[in-house]
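Here's the structure we're looking at; comments come further down.
The values are calculated or read from the model by the stated rules, or taken from the named source; none is laboratory data. All values derive from a computational prediction rather than experimental measurement. Backbone-built Cβ (ideal geometry, glycine too); neighbour counts: all protein chains shown.
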Amino acid sequence: MTADFQLTGAELRAVARFVAESAQEVLPVFESACPDDGRPRAAVDASWEFINGAERSKRLRLTSMEAHRAASAAPDEASRLAAQAAGDAASAAYLHPISKEHQVGHILRATANAARIAEIQGGRPEQVLEEARERATPTMVDVLRRYPPPAPGHRRVTELMAELDALLPGGSR
């Protein structure tokens, strides 16, 4: 894989923080459905360790994979999306510096999942997206804008990713 641009440790931490904040908020959804499964919590905890200065580690990769496995075993859509967001939080430290659309999912999907969970639970997904827009740092947005915009999709989470992208500075490129 040849890098299309550079990503610094500080930039990866800014992206990981954005993803982890969304994952942290919806983690209780998974934990309510699966109280004995600590895999998503371990992924979010590993992400926060990285954000707070720890080096990238095998633990991030392993907890990410385990959280995604937990998502596959989740009993309903909301808990599946919450576990997936946790896995994304741990994997954000390994965002690839290649200009491919699927990399955008590693930045925006956790928040889109949180918005979809709000929708499932009768809440307001647009409020989740607006709160994410408000906490998006210039560094995170700068990294996001190095990638192509998310493609329109037919799944609700994909639509929410595109909505979030459009809300952020430089959106609807």
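Odds and ends about this structure:
- Count - residues of the range 28-54 that are within 15 Å of A71 (Cβ to Cβ) and of a type in the set (D, E, K, R): 4
- Counted residues, the range 39-92 - those being of a type in the set (S, T, Y) and surrounded by fewer than 20 Cβ atoms within 10 Å (Cβ to Cβ): 2
- Within the range 95-115, the residues that satisfy the criterion of being in contact (Cβ under 8 Å) with a residue 40 or more places away in the chain, part of a helix (DSSP H, G or I) and not basic (K, R) are Q103, V104, G105, H106, I107, L108, A110, T111, A112, N113, A114, A115.
- Test: residue in the range 38-59 that is modelled with pLDDT of 95 or more and in contact with a Lys or Arg (Cβ under 6 Å, 6 or more places away or on another chain): yes
- Just one of the listed residues (A54, A20) is out of contact with any strand residue (DSSP E or B) (no Cβ under 9 Å at 6 or more places or on another chain), part of a helix (DSSP H, G or I) and not hydroxyl-bearing (S, T, Y), and it is A20.
- Scanning the range 119-159 for residues that are surrounded by 14 or more Cβ atoms within 10 Å (Cβ to Cβ), under 15 Å from the mean Cα position of the chain (by Cα), under 29 Å from G9 (Cβ atoms) and not acidic (D, E) yields V128, L129, A132, R133, A136, M140, V141, V143, L144, P150, V157.
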